[in-house]
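One structure is given here, and the rest of the page talks about it.
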Amino acid sequence: MIGARLIPLALFVLLAGCGSERQADPAKVFRYNEPSGISSLDPAFARNLSNIWAVSQIFNGLVELDDDMQVIPSIATHWEVLEDGRLYRFFLRKDVVFHHDPSLSGERGRTVRAEDFIFSFRRIVDPAVSSPGAWVFNEVQRRPDGSLDLTAPNDTVLEIRLRQPFPPFLGILTMPYCTVVMPEAVEAHGQDFRMRPVGTGPFRIAFWKEGVKLVLRRNPWYFESEQGNRLPYLEAVSVSFVIDKQAAFLEFIKGKLDFMSGIDPSYQDELLTRDGQLNPVYADRVRLSTQPYLNTEYLGFMLNAANLPKGQQSITDRRIRQAINYGFDRKKMIRYLRNNIGIPGTGGFIPAGLPAADTSGTIGYDYDPDRTAALLAEAGHPGGKGLPPVVLSTTAEYLDLCKFIQHELEQHGITIRIDVTPPAALKELKAQARLAFFRGSWIADYPDAENYLSLFLSANHCPEGPNYFHFSSPAFDELYQEAMQETNPELRHQLYHRMDSLAMAEAPAVVLYYDEVLRFTRKEVEGLGNNAINSLKLKRVRKLRS
């Protein structure tokens, strides 16, 4: 891997055209590292952030999100929501063309038509494709033959009919799963479409050797412009795959990478101060930006007694769950274990950054040892007397946080036993409702609080849905249905807040913290921005010559 990192970029960054090849100007190449690798450039498989970042440069959808999490036009110029929220009608641009594919005819790709979206969306739900994103079209009406109810009255109009009103649907359409692919390319390349993607985005694939290097080149036919300048400004994007995060950090410090997202323990104390600020040593060459991340980190309880292992029934008592919630100091945990990265989870389950998030301090739990003591006594376990140990399942990555909570709760007589489980096994056990007390996190699929509140819906009990707690509340379910009928966003957010409050009062989860996006960029980089879902938008990025 070290050797791969030293291969000159010029060997990869080549542009074929007019029978010649030319190298990209290094000052116009954006470089970042992806330690987890990329498994596919097909948007049907844009499930994790590493795939999403690359796919987002190659493809466009009807709509997209700006950095304020507002839905804005992309290939669609505008849209209408009709029939009380059951019909969405999109009007498409006429100047969007697919990338040139050498295996297909023409010097450049053809113009995008509404029928291409129908092909792309139906492909996502095709069982033969097995896309993990098939769920995004669950609310779309099905025709008698089982296909999605999509209509193209002409080349520039697309209609999508839903089963019932679902206000978050527009936000769902911003996901990479909902981008448009070129049908001819999918059919021509088959399984190889993952490596030979053809979209409409600001960049197109030039070179990909898995585990070594991915290079994307500027799309000269891209449809967007800014102040009369055609986007994108960069000539190329270069992605390396160095697994060792410490080694990648050193490459960044030396100026061989332009960007890093997040922080790894191997260099956390070197790059950040104890208060989460950039180490002044690097202030002359590095810029740090932070942003609330739509990610809630939590511990969850299994509330269904029938699913609990022997000896774990005590957590079905709400007072015990509340005592645990009040029994440790989240602020201290974030300060000493995470260099103040993250917002202490003293509110509801909806994270900071969404309009419905709790800002009143009236729901959720903060450190209150007196309340913990009172609740334990009320539950018949004064000072923890007679309370059986509770088994907390986690992964090694979060062991330090769990040990902190374990130590804090011991002061109140609550014994926590930690079971460290491999991530894949923990995920499977959680989905099968076989864990009493478990660590989890929920990163937003789309920027609507419904995405978080759906975890508490009775109809979503796992393994069929994401309600890993088996939380059930007719009042909550009724509010959910009411919110889905509410077209006024402000009123819907009020309903969301009530739902969050109702759920947290029952304490099915211990909210630990709301994560934050940390972005480190070289000071030569301009126009990158930051956002609450940590999407990577490179079409407006420039690099100043140093």
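Every number in this text was worked out from the coordinates using simple rules, so none of it is lab data. As the structure is a prediction and not an experimental result, all values here were calculated from the model. Don't worry about glycine lacking a Cβ; one is built from the backbone with ideal geometry, like all the others, and counts go over all protein chains shown.
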Rounding to the nearest 10 and keeping the result within 0 to 90°, find how far the Cα-based axis of helix 369-378 lies from the longest principal axis of the chain.
60
Just flag the trypsin sites (Lys or Arg not before Pro) in the range 68-138 sitting in loop per DSSP whose Cβ has no more than 15 other Cβ atoms within 10 Å.
Lys94, Arg108, Arg110
In nm, the gap between the two label points placed 7 Å beyond Cα toward Cβ at Ser360 and Lys209 is 6.0
Given 0.36 nm per residue, what is the gain on full extension from Thr316 to Arg110 after removing their alpha carbon distance, in nm?
68.2 nm
Taking N as its residue count, the alpha carbon Rg of the chain over 2.2 N^0.38 Å:
1.03
Please compute P(r) over all alpha-carbon pairs of the range 163-228, binned at 5 Å starting from zero, and give each bin as a whole-number percent.
3, 13, 16, 19, 19, 12, 10, 5, 2, 0
In percent, how large is the relative contact order of the range 328-392, given Cα pairs closer than 8 Å and 6 or more residues apart?
24
How high is the relative contact order of the range 267-381, in percent, with contacts defined as C-alpha pairs under 8 Å that are six or more residues apart?
29
At 7 Å along the Cα-to-beta-carbon direction for both Lys256 and Leu491, put a label point, then send me their distance in nm to one decimal.
5.9
Using the Kirkwood formula on the Cα atoms of the range 60-189, what hydrodynamic radius do you get, in angstrom to one decimal?
15.3
Using only the Cα atoms of the range 293-516, what are the Rg and Dmax in Å?
16.6, 51
Output wanted: per-residue J couplings in Hz (rounded whole) for the range 49-62, from phi through Karplus 6.51 cos²θ - 1.76 cosθ + 1.60, θ = phi - 60°, x for Gly and Pro.
5, 5, 5, 4, 4, 5, 4, 5, 7, 9, 10, 10, x, 5
So for each of 412-424, 334-346, 51-63 I average, over its residues, the number of other beta carbons within 10 Å; can you give me the resulting order with the highest mean first?
51-63, 334-346, 412-424
Tell me the label-point distance for the pair Thr273, Glu428, using the 7 Å Cα-to-Cβ offset, in nm and rounded to one decimal.
4.7
Could you tell me how many degrees, from 0 to 90 and to the nearest 10, lie between the Cα long axis of helix 489-505 and the main elongation axis, the longest principal axis, of the Cα atoms of the chain?
40
In order through the range 271-284: 3J(HN,Hα) via Karplus (6.51 cos²θ - 1.76 cosθ + 1.60), integer Hz, x for Gly, Pro:
8, 10, 7, 4, 8, x, 9, 5, 4, x, 4, 9, 5, 7
